[in-house]
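Chemist: I'd like to ask you about the structure that follows.
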Amino acid sequence: MTETQPLMQGKRGLIRGVANHRSIAWGIAKTLAAHGAELAFTY
C-alpha cells in the first residue's frame, strides 16, 4: 500500500475575514489546516 501526502501539504494560504469560531472563514481554515496547509490570518 502506498502512502499519500495530505492534499494541501506545502501550500500556503491567507485567510481573511475570520470573525469568530462560527464564521465561514474559520471553517475553511480548519479544513485547509487539516489537509496540511500553512495559514496566516487577518480579520
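Taken together, the values in this text are just the output of simple stated rules run on the coordinates, not laboratory data. Bear in mind that the values here come from a model prediction, so they are computed numbers and not experimental data. Here Cβ is always computed from backbone atoms with ideal geometry, including for glycine, and neighbour counts include all displayed protein chains.
Chemist: Can you tell me how many residues in segment 1-31 are surrounded by 12 or more Cβ atoms within 10 Å (Cβ to Cβ) and touching a strand residue (DSSP E or B) at 6+ places or on another chain (Cβ under 6 Å)?
Modeler: Looking only at that region, the number is 5.
Chemist: Of all the residues that make up segment 32-43, how many are loosely packed, with under 12 Cβ neighbours inside 10 Å and aliphatic (A, V, I, L, M)?
Modeler: Total satisfying the criteria: 2.
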